[in-house]
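The values are calculated or read from the model by the stated rules, or taken from the named source; none is laboratory data. Since the structure is predicted, the reported quantities are computational estimates derived from the model, not experimental observations. Counting neighbours? That spans all protein chains shown, and the Cβs are built from the backbone with ideal geometry, glycine included.
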Amino acid sequence: MPISLERAKNYIEGKHGTTKEAVDIIREINELPYSYNSTAFLVGDYLEIKRYDDPITVNLTRGDAQEDRAYHPESREQASGPSTSSEDLPTEKLYEIRSNKRRRKKLKGLIKINADTLSTYLVLTLGNKDYKVFLQNVFNRLDCPPPAFSINEAKNKLAGVKKLDKCDKDDVERLDPEDDKLRKQVIDFLKQPEVTDKERKAKEIVYEKWGEKKEPRRFNEEVKREVPRQLDELICNGNPYDIESAQRLFDLFRRRINRHLEESDQYEINKMEYIKVVEQTKDGRVHYNLLCNLPYIKQWKLQKIWDNGIVHVKKISHMSSEDLPESSEVSFSSSDTLNKKLNQIYKYLVKEMSIFDEDEDEEEEGASKGNLIINDFKNKQLYSFSEGIRKPFKITSTAIVDFIMQFINENNYKHVWDKNIESNSEYGHNYRLFIYDLDSVTLYERIDAELKNLLSRMITLAESKGQNIITQEEFNAAIKEHKLPLEKDYFGL
């Protein structure tokens, strides 16, 4: 179907705002039926080739559901593993399992293909909803020295309070001026090394900002002001138990961090690109695990930009499994290869994404499944990624598959695994699967460039006619002009 020139141009210029790649947009324009007997699934330096026993025909006048059913790339593990019978599970459950497999594979592909740019592991936690809950959690978890205030009175006064920097009778998130003594006592209690150790952190921040420029009295005054700011950053400014509220806070963080990158001349990038996975803690609060391209930014600065809880940040090259929660059940050292680290981090993220419990006995309402609460997270998107993230290619063009095979032969690549796959589904197809581990992303980049050039040519043809859309006519003309014999795919030449 026709697409707008603006959408095509935004994609070419990197402002596409879509999860689709050029290959998807080009296929969206085409309305001609076509057939293929080979497909390629390319993820950076990882390649799957499928050779089908019988040609697959895609008739777009009936929609492309037929093609979607026909093409579901299988990983080596999935292809060789046992299949799940519909006799064993309800249909809805079976669809959930298959859907989760596809999501897991896509996530793994996204991580693999962007490994060269996503060098930082970032965790954004959502803090307590107010200081009442903060104090409750402190007393529940820590063996603290007794405070100088009544705990019950403090809890009553601090319900709904999110800021301790000052008192304000007109602000529902702050204490009344008559409670200023309580405010100071709570700050003195929470800043202790046994609780949050925020006084030490505040001194480090003030010293970094001012150094020896301030005399001791002014320095201590600035530390005194900085401590409540540090404590306030541990409180969530929304609802930490609601995934939609958390997403709004993340969107605000994304805008703030991009503004910080743009306004500073010390960074080589001006936009954060990321893959984000949602996790829920045992007490129900949301937090985010991100693989991102952030350069080195001091933790306290990230904490200030986030302003909704604790921030953890580390370069993946320096990470070990000790930087992940004890429940992660993965193992790697700081000296391991980047590929091994990313594989282990992927396993941890997939574990945190899982919302389906294998235990058939636990079915009570709101039951906890691992670290996630079903009622809050079911039917929610548990991972997402930014616009600039490279996506895997799923290619059905015979000409492009032939181009890939030519590249493989010219560079003497050998497949590392192959297997005949027989489908038990009425919509399935028998095929032979070949897997290649390439040593670079050169092939991916070349195909990406060819597809973008093809889309650019369609834009030029449409503009020459004064159109604001790309139609089937421009598609046909660009296909026939292209140096690859793409016309064979669509015109049977």
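Descriptive notes on the structure:
- Some residue of region 387-408 being among the β-branched types (V, I, T) and under 30 Å from R255 (Cα atoms): yes
- Each residue in region 410-447 was checked for being outside any loop (DSSP other than H, G, I, E, B) and under 17 Å from E48 (Cβ atoms), and 15 of them qualify.
- Residues of region 248-258 satisfying the condition of being more than 23 Å from N114 (Cα to Cα) and either in a strand (DSSP E or B) or free of Cβ contacts under 8 Å to residues at least 12 places away in the same chain (or both): R248, L252
- Of Y46, Y34, all but one fail to be among the aromatic types (F, W, Y), under 22 Å from the mean Cα position of the chain (by Cα), assigned by TED's automatic domain parsing to the domain that holds N420 and at pLDDT 75 or above; the exception is Y46.
- Test: residue in region 407-415 that is closer than 12 Å to S38 by Cα, surrounded by fewer than 16 Cβ atoms within 10 Å (Cβ to Cβ) and either at pLDDT below 90 or assigned by TED's automatic domain parsing to the domain that holds I26 (or both): no
- Residue match in region 217-230 (condition: in contact with a Phe, Trp or Tyr (Cβ under 9 Å, 6 or more places away or on another chain), within 26 Å of Q136 (Cβ to Cβ) and touching a residue at least 12 places away in the same chain (Cβ under 8 Å)): yes
- Residues of region 160-186 that turn out to be under 22 Å from R200 (Cβ atoms), surrounded by fewer than 18 Cβ atoms within 10 Å (Cβ to Cβ) and under 39 Å from the mean Cα position of the chain (by Cα), as a count: 1
- The set of residues in region 321-339 being more than 20 Å from L290 (Cβ to Cβ) and in contact with a Phe, Trp or Tyr (Cβ under 9 Å, 6 or more places away or on another chain) consists of E329 alone.
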